[in-house]
Amino acid sequence: MTAPAIELKGISKAFGPVQANKDISIRVMPGTIHGIIGENGAGKSTLMSILYGFYKADAGEVFISGQKTEIPDSQAAIAAGIGMVFQHFKLVENFTVLENIILGAEDGGLLRPSLAKARKSLLELEQEYDLKVDPDAVIEEIGVGMQQRVEILKALYRQANILILDEPTGVLTPAEADQLFRILGRLREEGKTIILITHKLREIMDITDTVSVMRRGEMTATVKTADTSPEELAELMVGRKVLLRVDKTPAQPRDVVLDVKNLKVLDDQGVERLRGIDLQVRAGEILGIAGVAGNGQSELLEVLGGYADATGDITVNGQALDLTGRYSDGRSRRERGIAHVPEDRQREGLIMDFSAWENTAFGYHRDAAYQSGILMNNAAIKADTQAKMDRFDVRPPHPHLAAKNFSGGNQQKIVLAREIERNPDLLLIGQPTRGVDIGAIEFIHQQIVALRDQGKAILLVSVELEEILSLADRVAVMFDGRIMGERLPAQTDEKELGLLMAGMNT
Amino acid sequence: MDVMPKWAEVVLVPLISLILAAILSALVILAIGEDPVAAVKLMVSGALGSTYGWGYTLYYATNFMFTGLAVAVAFHAGLFNIGGEGQAMLGGLGVALVCLFIPWPHWTLAVLGATVGAAAFGALWAAIPAYLQAKRGSHIVITTIMFNFIAAAVLNYMLVNILRPAGSMDPATARFPEAVHLPSLHEMLAPIGINFSKSAPANVSLVLAIIACFVVWLLIWRTSLGLEIRSYGKSGRAARYAGIGSVRITMIAMLISGGLAGMMAINNVMGEAERLVLNAVEGAGFIGIAVALMGRSHPFGVFLAAILFGFLYQGGAELALWTSIPRELIVVIQALVILFTGALDNMVRMPLERIFLAIRQSREAKATKAAE
């Protein structure tokens with residue numbers, strides 16, 4: 001029997017009082033794809049950082065091809081044949097592909113010979129693994145999928161036999177993700193070992209041979225992918241049964257609440273980010289905006305939320321919204337019955353150093369109920385926060401705790417409680433479950449559907465197609481500042497939406 | 001979770017920083033061949049050993065409270081106002097104009113008028129850099145520092161060419177009328193039987209400074225404007241999301257900041273000199289930065305830090321007077337205090353955090369053992 005390509009024995013790592021990894025052991029056989037799945041904060045990234053030499057484990061051993069190996073830094077990891085593709089690429093934007101590939105792996109002080117050598121081996125790699133890229137293209141001019149290929153090539157150029165990919169599909173369209181999986185399959189055929197870290201169950205089911213589930217720093221199970229199901233994996237991740245599908249009745253749309261006509265937005269550089277958007281959201285329905293991040297969805301939310309100037313016409317309940325003037329700020333929007341759960345909860349929706357009760361007042365802090373005379377009525381705010389925390393099951397339910405001390409899901413619940421409980425006519429909600437654990441996702445989805453059933457209009461922006469398809473009553477796809485088309489979830493699939501997301505009209 | 005309990009954060013860290021600064025200062029005093037123990041004794045007795053010493057310490061502390069609060073308020077909005085010096089100079093001009101050209105019947109009214117004048121002029125001086133920052137993105141650190149120089153030139157011009165009484169050789173205004181004389185601590189405390197030194201400059205402005213500390217505390221932590229200022233300072237994007245205007249907050253925070261810096265003039269111009277002279281501020285605007293840093297931008301911290309710096313100022317003056325330790329050494333000691341309490345904060349904090357962590361872990365380990 002061959003030795004495992006990589007074997008971890010009893011890895012433990014603590015950060016202060018937090019036990020990020022507890023006695024973790026896995027064996028990954030060569031020529032297989034091994035998935036590691038777990039919620040945010042389960043310890044996946046810590047484990048991989050230990051493997052790549054960023055952290056030193058408190059206890060435990062690493063064996064590479066049966067040899068006990070010390071990995072004090074990333075250099076040692078590369079020497080041991082480990083390559084890492086990070087979620088956020090580590091590429092120099094204005095360098096060419098070739099320059100990025102040799103960066104840090106130059107032979108000697110002169111560039112020319114290394115570049116020539118790299119070009120040659122790039123051609124070989126291309127043929128071997130079917131990985132096509134233009135070596136002379138500049139990084140900032142190629143797409144995200146291509147950039148990711150460059151990252152993979154970088155690792156292969158450094159003779160990596162074990163490839164670790166951290167949430168590789170987060171920024172890809174479904175088509176790009178499929179291409180990535182084909183490449184990974186090819187690498188597996190050639191005998192490379194791949195560790196895929198993800199929180200998407202579908203990817204695990206599609207491509208991996210074996211899968212390990214992590215929960216709260218512990219490895220709860222390692223199973224053959226063929227022997228398991230998404231439901232079982234979800235249960236292993238969360239520790240209880242979860243509903244993967246959103247439970248909802250058909251929408252009962254009524255009057256138009258939000259009507260957007262020919263909306264255009266320029267960014268600071270004068271580039272048009274929204275190129276004439278038309279959309280309508282009715283009371284009692286959820287309109288989902290799908291698209292790869294960076295195609296104008298953020299700008300749309302910013303305009304509607306009142307913090308970006310725009311041209312065009314927007315009416316809410318038949319009355320025009322001020323798009324550039326004195327009443328185009330967030331406060332005026334709230335007064336018009338528009339609540340907003342922003343995409344970036346940690347930098348926009350919350351102030352991480354502020355307590356939960358200050359965050360609950362945030363944005364509505366001038367509300368009469370929160371004032372007594374010229375001072376704020378802190379006691380009233382705290383009582384209100386406590387009530388909201390109880391209703392939204394925020395844990396721990398302490399209004400005094402700073403926002404940064406809550407988990408991602410509980411932070412999101414604090415924001416949701418603040419916005420939903422205002423009883424808005426229109427709820428804008430961006431990436432409602434980004435960085436949120438599965439257990440909380442279920443709850444958050446239920447809250448959004450409940451608000452819809454109360455007859456509110458909801459505009460949902462998400463880069464997670466699965467979320468859009470299961471939550472939205474209608475789906476609009478954005479690409480390059482335009483709406484490429486609208487579909488009904490029941491009459492479309494990820495493939496069709498994926499093409500729209502890539503700018504191809506079907 | 002926060003690693004350290006709050007008392008350690010608020011008390012222990014600054015205290016250890018101070019002790020480190022003191023040790024290093026002692027080494028410097030040793031190095032120039034003086035006796036650090038005698039120096040400390042002299043500083044303490046000179047600054048705190050008599051009501052005369054206290055009078056000076058509190059006088060300086062009053063200045064530093066105003067300028068420290070000024071820096072602290074701007075800090076909360078994420079703005080670094082290092083123009084306290086110039087704003088206090090202009091505040092002095094405001095006080096002088098109010099005191100010289102309005103016939104006040106009584107000091108109680110005069111001090112209100114002077115407060116308005118001082119705050120208005122200080123705020124005005126902060127308003128221009130604030131506007132440039134808010135509307136045009138000119139960095140406030142650069143503009144406020146340049147405005148310090150412009151303020152000095154304006155003051156020079158006003159004193160030499162306009163406000164100087166005819167025939168005087170001194171670039172200063174005439175003496176303020178007797179009616180605007182502010183009661184000194186001596187005069188305030190005599191009726192209740194405390195014999196405070198007659199010649200010390202501390203005066204009723206100290207009470208105003210303490211009130212200012214309290215009002216700033218209310219403003220920052222108890223009003224919605226304070227919440228807006230703090231939000232803007234913590235996260236510009238979050239503030240934008242909440243509909244808190246950046247121009248509005250920048251202007252308001254800087255106006256309050258400049259006003260507070262200007263109000264220092266009630267103490268040094270109206271309370272002490274009773275006329276406006278050149279260089280009346282004597283660097284208090286800059287000390288305010290250190291005071292705000294050390295006080296963690298909290299009004300109570302500013303209050304304590306201002307008294308500490310008042311002590312350093314007065315004790316240092318005594319040192320220079322009675323020993324051959326040069327006055328510059330006082331600047332060195334102040335710099336060390338600033339360095340340790342402000343810039344080298346993490347040097348003390350991180351080992352402390354580790355100690356607290358170790359204590360907590362051993363306690364938890366014991367608890368789990370007991371549970372088993």
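The values are calculated or read from the model by the stated rules, or taken from the named source; none is laboratory data. Being a predicted model, the structure only gives us computed values, none of them experimental. Don't worry about glycine lacking a Cβ; one is built from the backbone with ideal geometry, like all the others, and counts go over all protein chains shown. For accessibility, only protein heavy atoms count, side chains too; no ligands or nucleic acids. Shrake-Rupley method; radii C 1.70, N 1.55, O 1.52, S 1.80 Å.
Quick notes on this structure:
- Whichever residue in the stretch A:297-315 is open to solvent by less than 10 Å² (accessible area, probe 1.4 Å) and closer than 17 Å to A:MET501 by Cα and, among such residues, is modelled with the lowest pLDDT: A:GLN297
- So B:VAL348, is it in a helix (DSSP H, G or I), open to solvent by less than 20 Å² (accessible area, probe 1.4 Å) and out of contact with any Lys or Arg (no Cβ under 7 Å at 6 or more places or on another chain): yes
- Among the residues of the stretch B:352-366, at least one is within 14 Å of chain A (Cβ to nearest Cβ) and hydroxyl-bearing (Ser, Thr, Tyr).
- Flag for B:VAL116 being free of Cβ contacts under 8 Å to residues at least 60 places away in the same chain, more than 27 Å from B:ALA239 (Cα to Cα), of a type outside the set (D, E, K, R) and out of contact with any Pro (no Cβ under 7 Å at 6 or more places or on another chain): yes
- Residues in the stretch A:141-158 that are assigned to a helix (DSSP H, G or I) and more than 21 Å from A:THR169 (Cβ to Cβ): A:GLU141, A:TYR157.
- When residues in the stretch A:97-111 are screened for being open to solvent by 80 Å² or more (accessible area, probe 1.4 Å) and on the phi > 0 side of the Ramachandran plot, 0 of them pass.
- The listed residue being touching an Asp or Glu at 6+ places or on another chain (Cβ under 6 Å) and either more than 9 Å from chain B (Cβ to nearest Cβ) or under 19 Å from A:LEU460 (Cβ atoms) (or both), out of A:GLY337, A:GLY318, A:GLY312: A:GLY337
- Residue in the stretch A:169-181 that is over 18 Å from A:ARG149 (Cβ atoms) and not acidic (Asp, Glu) present: no
- Where a residue in the stretch A:276-300 is of a type in the set (Asp, Glu) and its partner, wherever it lies, is in a helix (DSSP H, G or I), with Cβ under 7 Å and at least six apart: A:GLU285/A:ARG452
- Checklist (1) small (Gly, Ala, Ser); (2) over 27 Å from A:MET501 (Cα atoms); (3) modelled with pLDDT under 90 applied to A:GLY294, failing item: (2)
- Leading residue by the ranking (surrounded by the fewest Cβ atoms within 10 Å (Cβ to Cβ)) among those in the stretch B:113-146 that are in a helix (DSSP H, G or I) and over 21 Å from the mean Cα position of the chain (by Cα): B:ARG136
- Of the residues in the stretch B:334-341, at least one is surrounded by 15 or more Cβ atoms within 10 Å (Cβ to Cβ), within 23 Å of the chain's Cα centre (by Cα) and either within 14 Å of another protein chain (Cβ to nearest Cβ) or hydroxyl-bearing (Ser, Thr, Tyr) (or both).
- Selection status of A:ALA320, open to solvent by 20 Å² or more (accessible area, probe 1.4 Å) and touching a helix residue (DSSP H, G or I) at 6+ places or on another chain (Cβ under 7 Å): no
- Scanning the stretch A:274-309 for residues that are among the small types (Gly, Ala, Ser) and within 14 Å of chain B (Cβ to nearest Cβ) yields A:SER298, A:GLY305, A:GLY306, A:ALA308.
- Residues in the stretch A:346-359 that are open to solvent by 20 Å² or more (accessible area, probe 1.4 Å) and more than 7 Å from chain B (Cβ to nearest Cβ): A:GLN346, A:MET352, A:TRP357.
- Some residue of the stretch B:230-242 being in contact with a Pro (Cβ under 6 Å, 6 or more places away or on another chain), part of a helix (DSSP H, G or I), within 14 Å of chain A (Cβ to nearest Cβ) and more than 26 Å from B:THR115 (Cβ to Cβ): yes
- Filter pass, B:LEU218 being open to solvent by less than 10 Å² (accessible area, probe 1.4 Å) and either within 14 Å of another protein chain (Cβ to nearest Cβ) or part of a loop (DSSP other than H, G, I, E, B) (or both): no
- Boolean, B:ILE325 is farther than 18 Å from B:VAL13 by Cβ, in a helix (DSSP H, G or I), more than 14 Å from chain A (Cβ to nearest Cβ) and open to solvent by less than 60 Å² (accessible area, probe 1.4 Å): no
- Taking the criterion of being assigned to a loop (DSSP other than H, G, I, E, B) and either surrounded by fewer than 20 Cβ atoms within 10 Å (Cβ to Cβ) or free of Cβ contacts under 8 Å to residues at least 24 places away in the same chain (or both), the residues of the stretch A:434-484 that qualify are A:ARG434, A:GLY435, A:GLN454, A:GLY455, A:GLU464, A:ASP480.
- Residue within the stretch B:190-207 that is under 19 Å from B:GLY258 (Cβ atoms) and surrounded by 15 or more Cβ atoms within 10 Å (Cβ to Cβ) present: yes
- Among the residues of the stretch A:367-402, those that are assigned to a loop (DSSP other than H, G, I, E, B) and either under 28 Å from the mean Cα position of the chain (by Cα) or more than 14 Å from every other protein chain (Cβ to nearest Cβ) (or both) comprise A:PHE392, A:ASP393, A:VAL394, A:ARG395, A:PRO396, A:PRO397, A:HIS398, A:PRO399, A:LEU401.
- Test: residue in the stretch A:112-119 that is open to solvent by 40 Å² or more (accessible area, probe 1.4 Å), charged (D, E, K, R) and over 22 Å from A:ALA79 (Cα atoms): yes
- Selection from the stretch A:42-96 of residues that are open to solvent by 70 Å² or more (accessible area, probe 1.4 Å) and part of a helix (DSSP H, G or I): A:GLN75, A:ALA79
Listed here are the residues, each with its yes/no results for (1) open to solvent by less than 30 Å² (accessible area, probe 1.4 Å); (2) closer than 18 Å to B:ALA265 by Cβ; (3) among the small types (Gly, Ala, Ser).
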{"residue": "B:ASN148", "(1), (2), (3)": "yes, yes, no"}
{"residue": "B:ALA152", "(1), (2), (3)": "no, yes, yes"}
{"residue": "B:LEU159", "(1), (2), (3)": "yes, yes, no"}
{"residue": "B:PRO165", "(1), (2), (3)": "no, no, no"}
{"residue": "B:PRO171", "(1), (2), (3)": "no, yes, no"}
{"residue": "B:ALA174", "(1), (2), (3)": "no, yes, yes"}
{"residue": "B:PRO177", "(1), (2), (3)": "no, yes, no"}
{"residue": "B:HIS181", "(1), (2), (3)": "no, yes, no"}
{"residue": "B:LEU185", "(1), (2), (3)": "yes, no, no"}
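- In the set (1) out of contact with any helix residue (DSSP H, G or I) (no Cβ under 6 Å at 6 or more places or on another chain); (2) within 10 Å of another protein chain (Cβ to nearest Cβ), the condition left unmet by A:GLY325 is number (2).
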